[in-house]
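Student: Dumping the structure here so I can ask a few things about it.
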Amino acid sequence: MAKYRVTSPDGATFEVTAPDSATEAEVMAYAQAEFAKQTPAITKPAVVSAGEAIRDIPRQFGLTARYALEGAPAALDVVASPVRAGMGALGLKVPTLQQAGTTLADTIGLPKPASATERVVGDAARTVAGAAGMGGAANAASRYLSGVPAQVAAFMAANPGQQAAAAATAGGAGGAVREAGGGPLEQAVGATIGGVAGGLGASAVDSMGKSLMRLLTPKMTAQEVEQRIEIVMRGSGIDWTQVPQNIKSGLRQEVAQALNTGRDLSGDALRRLIDFRATGTTPTRGMLTQDPAQITREMNLAKTGANSADISLQALPTLQNSNARQLLNVLDDAGARNAPDTYATGERVVNALAGNVNRSKQTINSLYSAARDTAGRSAELDGATFTRTANEALDEAMLGYAVPPDVANRLNQIARGEVPFTVQFAEQLKTTIGNIGAAGKGDATTRAMGVIRNALDNTPLRPAPQVNPGNLPAVPGTVPPSPAVLGEEAIQAFNRARQANRGMMQRVENSPALEQVFTAMREGRRVDPDNFVRQYIIGGSASANDVQQLRRAIAADPAALEGTRQAIVAHLKSAATNGTDDVVKFSSAAYNRALNNIGDRKLAAFFTPEQIAELRSVGRASTLMQAQPVGSAVNNSNSGALLLGRGLDVVDRISGRLPLGLDNLLQGTIRGAQQSNALNVPKRSDSSNCH
C-alpha cells in the first residue's frame, strides 16, 4: 500500500492510503470518500426547522381528511358488497366505497402519503375510521333489530375505545410489514397480531386508569357510607334497619368500595341486590339493571352457549342452572327437605286438634265434678222471685209464645213449689235451656231462653235460718258456714265449669278446622287428613283468622306446628318445580302465585318475619332472573341460538388451526367478549354502576 498526499478545495491536506497500482482517478476517489467522512453534517437552524413544521400542518390536515374519506366508507362496504356482486354479474364494474373515497380525495386535491411513515400512519388511520363507522352503524342497527342480528350488532358496537385501539395497531402493524417487503399473508398475520395486542393493551390501560381513579378518589367513612345507603334505600321504599345483619355487613363493604371509586349508587339495583344476597344467588348485569337490551343479549347469549359444544361458552347457562338450584336449596333449608307428605301432615294436625278438644273436655268435667261435690249445691233459691222476673221479662219482649212446653212446665212447677228449687236443680235447668238455645240458631226460642237464663242468673238464694240466733260465744271451728255462703260457692263453682265449656265452644265456632274435628268426635267418625292442610291452611277458602285460630289450637303440639310449617314450604317448592323434584327448574310465576295465594298474614301464623322475608326474596330474585321486560327481544324459539352456537363451534375450530399462538388469542377473545359484559358484576356489587 502507498500513501498519497491530496489537497482539498478549501486548502486542507489529506493523506490517503491506496494500493500501489491505483490510478490517479482511483486515488482521487479514495480522497473524496475520506473527505466526506471527515466533513461535519450541516445542521439546520431551529427557526428553519420550526418553519418547515408549520408549513407542513396543512399537508397533515389534508392527509387526515384523505384517510377519513378512504377509511370510513369501508364499514358500508359490508352492506354494499352484495349489490356490487350483483352488478358485476351483469357486466357492470362497480368500485368499492373505499375506492370511491380515494377517487374523491384525488379529485379535490388532497395530498397523498409520500413516505413509508406516512403510508403506515395512513393504514392505521383508515382502520380506525372504518372501525368507528362500523361501531356506529352497529349501535344504531341494534336499536331496530331483534334476536340474533341484534346480538351480533350489539357485540360489534361494544367497547368502542378498545376496538379503536385494536384497529389502529392492526392497520399500523399490517402496513409496517408491507413497507418491510412482506407479502399479503404476512401482512394479514401482522395485522392480526397487532390488533389482538392493541385490544389487550387498551384493556390494560383502561384497567390502570380505573385503578388510578380509585387511588385518587377520597375515601368515605363508615358513617358516611351508612347514611348514603339509608338515603338510597329510603328512596327505593326499603327500610334499611329491617335488612338482616348478615346481608348488611357484606353490602356495606361493597357500597363503600363503589363510593370510594367515584361511582354512584342505583337504589333499584341495590334493592334487587339485597334479594340476591338473601338467597345466595349470583346476579348478572341485566338482572340488576332490568335493562331490556342487556337482558336480550344475556338470554340470547345463554341460549347460544348452551347450543355450543364448547364448555367455555356455557358460563351463562351454567349460572342460570346454579341460581335455580340455589333457590331450591333455600326452600329445602327452610323446611321442604324434611317435610312430611300431605297425608302425614294432615294426620298430625287432626290429632293435635283432637288432643285440644280432649284436654278441654277433661278440664270441664273436672270443674263440674268439683261443683257437684260442693256442700252448697242443696241450697235453695227464691223460686217465686225467679218465675215472676222471668215471666215479666218474657211479656215485655213478647216472647212468651216462644217458650217450649217443657220449659214452661218447669217454670210452673217452680212457681207452685212442686220441685225443690235448689242450686243443683237450677244448674240442670241452665243446661237444658242452654241446649235449646244453641239448637235454635238465633230464632225467637233462642232469645226466649236467653231471657230465662238471665233471670235465673240473677235469682237470689232464699234466706237461711240463723245458726247462732243469740250470738252466743262459740268454740272456734264449731260453727258451720251459713247455707247462703255454701250456696253461693256452689253457684260460682258451676259458673266456672260452665264458663270453661262456653270457652271451648267459642273456640270451636271460631275455627272451621277445629269444628270439623269436634263434630267428627261427637258423631264418632274419623276425619280424612289427606286434604286437611290444603283446605284449612293454604287453600283460598281459609281466611287469615281461621289459620290463626288453627295455629292456637295446635300450639301445644310442637311436632304438628313444625310439620305444618314444613308442609307449607314444600307446597311452595312443588309449585315452583311443578312437582318435578329431580329436575332443576324454577318457575317464578308459579312460585309467586302460590306464595300470594297464602299471603303474609297466614304465613305469620307459622313463620317469623325473617322467614317470611326470605320466602319473599326467593320470589323476587327468581322473577329478576327470568324477567323479559317490555322492549326485550329474547329468542325464545331457540332456533337462532342453535345456528349461532354451531357457527361459534366452526369459528372456534378454524381459529384453533392458526399458528404463532393466535389460536389461543382468538379463541379467548371470542369467549371472553361473549360473556364478560354479562358477568361483569365487580366483586358481587355492580349495583354501584347499574343506573
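The values are calculated or read from the model by the stated rules, or taken from the named source; none is laboratory data. Bear in mind the structure is a predicted one, so any value in this text is a computation, not a measurement. All Cβ positions, even for glycine, are placed from backbone atoms using ideal geometry, and neighbour counts span all protein chains on display. Heavy atoms of the whole protein, side chains included, go into the accessibility calculation; ligands, DNA and RNA do not. Shrake-Rupley method; radii C 1.70, N 1.55, O 1.52, S 1.80 Å.
Student: Just checking, which of Ala613, Ala576, Ala633, Ala590 is out of contact with any Asp or Glu (no Cβ under 7 Å at 6 or more places or on another chain), part of a loop (DSSP other than H, G, I, E, B) and open to solvent by less than 60 Å² (accessible area, probe 1.4 Å)?
Tutor: Result of the check over Ala613, Ala576, Ala633, Ala590: Ala633.
Student: Condition test on Ala269, is it touching a Cys at 6+ places or on another chain (Cβ under 8 Å) and either assigned to a helix (DSSP H, G or I) or modelled with pLDDT under 80 (or both)?
Tutor: Yes, satisfied.
Student: Any chance the stretch 372-382 includes a residue that's small (Gly, Ala, Ser) and closer than 30 Å to Asp530 by Cβ?
Tutor: no
Student: In this structure, is Thr431 assigned to a loop (DSSP other than H, G, I, E, B) and either in contact with a Phe, Trp or Tyr (Cβ under 8 Å, 6 or more places away or on another chain) or closer than 17 Å to Asn495 by Cβ (or both)?
Tutor: The answer is no for Thr431.
Student: Can Val407 be described as surrounded by 14 or more Cβ atoms within 10 Å (Cβ to Cβ) and touching an Asp or Glu at 6+ places or on another chain (Cβ under 9 Å)?
Tutor: Taking the combined requirement at face value, the residue does not satisfy it.
Student: Failed condition for Ala293, given (1) out of contact with any Gly (no Cβ under 9 Å at 6 or more places or on another chain); (2) surrounded by fewer than 22 Cβ atoms within 10 Å (Cβ to Cβ), with all others met?
Tutor: Only one criterion in (1) out of contact with any Gly (no Cβ under 9 Å at 6 or more places or on another chain); (2) surrounded by fewer than 22 Cβ atoms within 10 Å (Cβ to Cβ) is unmet by Ala293, namely (1).
Student: Given the conditions (1) over 30 Å from Ala559 (Cα atoms); (2) open to solvent by 30 Å² or more (accessible area, probe 1.4 Å), which single one is not true for Leu288?
Tutor: (2) is the only condition that Leu288 fails.
Student: Can we say Arg297 is in a helix (DSSP H, G or I), over 23 Å from Gly619 (Cα atoms) and under 21 Å from the mean Cα position of the chain (by Cα)? Full working, then the answer.
Tutor: On the way: in a helix (DSSP H, G or I): yes; over 23 Å from Gly619 (Cα atoms): yes; under 21 Å from the mean Cα position of the chain (by Cα): yes.
Against the criterion (in a helix (DSSP H, G or I), over 23 Å from Gly619 (Cα atoms) and under 21 Å from the mean Cα position of the chain (by Cα)), Arg297 qualifies.
Student: Also, quick follow-up: Against the conditions (1) of a type outside the set (Asp, Glu); (2) open to solvent by 20 Å² or more (accessible area, probe 1.4 Å); (3) modelled with pLDDT of 65 or more; (4) part of a helix (DSSP H, G or I), where does Ala202 fall short? Just the number, please.
Tutor: Every listed condition holds for Ala202 apart from (3).
Student: Something else now. Among the listed residues Ile554, Ile598, identify the single one that is surrounded by 14 or more Cβ atoms within 10 Å (Cβ to Cβ) and out of contact with any Ser or Thr (no Cβ under 9 Å at 6 or more places or on another chain). Full working, then the answer.
Tutor: On the way: Ile554 fails: out of contact with any Ser or Thr (no Cβ under 9 Å at 6 or more places or on another chain).
After applying the criteria, what remains is Ile598.
Student: Further question: Can you pull out the residues in the stretch 617-630 that are assigned to a loop (DSSP other than H, G, I, E, B) and of a type in the set (Val, Ile, Thr)?
Tutor: Val630
Student: Report, by residue number, each residue of the stretch 552-573 that is of a type in the set (A, V, I, L, M, F, W, C) and either in contact with a Cys (Cβ under 6 Å, 6 or more places away or on another chain) or outside any helix (DSSP H, G or I) (or both).
Tutor: Residues satisfying the conditions are Ile554, Ala555, Ala556.
Student: Would you say Ala439 is at pLDDT 85 or above and under 59 Å from the mean Cα position of the chain (by Cα)?
Tutor: no
Student: Would you mention how many residues in the stretch 511-551 are under 30 Å from Ala575 (Cα atoms), open to solvent by 30 Å² or more (accessible area, probe 1.4 Å) and assigned to a helix (DSSP H, G or I)?
Tutor: Total satisfying the criteria: 11.
Student: Another question, if that's okay. From Ala352, Ala339, Ala324, Ala344, grab the single residue that is open to solvent by less than 20 Å² (accessible area, probe 1.4 Å), within 21 Å of Ser574 (Cβ to Cβ) and either free of Cβ contacts under 8 Å to residues at least 40 places away in the same chain or not polar (S, T, N, Q) (or both).
Tutor: Values: Ala352 fails: within 21 Å of Ser574 (Cβ to Cβ); Ala339 fails: open to solvent by less than 20 Å² (accessible area, probe 1.4 Å); Ala344 fails: open to solvent by less than 20 Å² (accessible area, probe 1.4 Å).
Result: Ala324 is the single residue among Ala352, Ala339, Ala324, Ala344 that is open to solvent by less than 20 Å² (accessible area, probe 1.4 Å), within 21 Å of Ser574 (Cβ to Cβ) and either free of Cβ contacts under 8 Å to residues at least 40 places away in the same chain or not polar (S, T, N, Q) (or both).
Student: In the set Ala371, Ala448, which member is modelled with pLDDT of 90 or more, open to solvent by less than 10 Å² (accessible area, probe 1.4 Å) and of a type in the set (A, V, I, L, M, F, W, C)?
Tutor: Going through Ala371, Ala448 in turn, the sole match is Ala448.
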